[in-house]
Amino acid sequence: MPLNPDKLRSVGDQQGVRLFTNDWGVRTRCPATSGGNRSRWVVFAGKQSLGAYLADMKKLRDLLSHGQDPRMTSNASGALWQLAKGGNSMRLMGAEGFIQAACDLAAQSLFLNLILGGGWVRA
């Protein structure tokens, strides 16, 4: 299933599980806002902010998987690095941040599922 909050929320609704509400959030790495090259940890919380982050990551994945220029990806969330020659891209720290964000979403999904009785994780 693609990284699309609306589709995931729809599947959750079918199973009686509320996904991607304003209570949801993820931690990820983003470019520094002040001088220096160190990335910072940022929380994207809530439907709008989390949706923007996931949309940027999906756009980047789509461009890469179709052999297109990844610099053309959007940066509505501000999670991508601006390149000196124009465009946006991911850095190694951003990839680490995306792994953390995926773990956060998985943990929140599992926790919510356990609270609601485990109906949709059973094999």
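The values are calculated or read from the model by the stated rules, or taken from the named source; none is laboratory data. Because the structure is a prediction, the values reported are computed rather than measured. As a convention, Cβ positions derive from the backbone with ideal geometry for all residues, glycine included, and neighbour counts pool all protein chains shown.
Restricting to region 52-80, and then to whatever is among the small types (Gly, Ala, Ser), touching a strand residue (DSSP E or B) at 6+ places or on another chain (Cβ under 9 Å) and at negative phi, can you tell me which residue is surrounded by the most Cβ atoms within 10 Å (Cβ to Cβ)?
So the first thing to find is which residues in region 52-80 are among the small types (Gly, Ala, Ser), and the list is 52, 55, 65, 67, 74, 76-79.
Next cut, touching a strand residue (DSSP E or B) at 6+ places or on another chain (Cβ under 9 Å) only: 52, 74, 77-79.
Those still in the list that are at negative phi too: 52, 74, 77, 79.
Working: Ala52: 19, Ser74: 13, Ser77: 20, Ala79: 24.
Restricting to residues being among the small types (Gly, Ala, Ser), touching a strand residue (DSSP E or B) at 6+ places or on another chain (Cβ under 9 Å) and at negative phi, the top hit is Ala79.
Here's a check for you: in region 39-80, which residue that is assigned to a strand (DSSP E or B) and under 17 Å from Trp24 (Cα atoms) is farthest from the chain's Cα centre (by Cα)? Please lay out each step first, then the result.
Applying the first criterion (assigned to a strand (DSSP E or B)) to region 39-80 yields 40-45.
Then keep just the ones that are under 17 Å from Trp24 (Cα atoms); that gives 41-45.
On the way: Trp41: 13, Val42: 12, Val43: 10, Phe44: 8, Ala45: 10 Å.
Among those residues, the one meeting the criterion is Trp41.
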**Q.** Residue list for region 81-123, restricted to those being over 12 Å from the mean Cα position of the chain (by Cα), in a helix (DSSP H, G or I), modelled with pLDDT of 85 or more and surrounded by 15 or more Cβ atoms within 10 Å (Cβ to Cβ)
**A.** Met93
(Q) Condition check: at pLDDT below 75, more than 10 Å from the chain's Cα centre (by Cα), within 26 Å of Leu92 (Cα to Cα) and surrounded by fewer than 19 Cβ atoms within 10 Å (Cβ to Cβ). Does Gly36 satisfy that? (A) yes
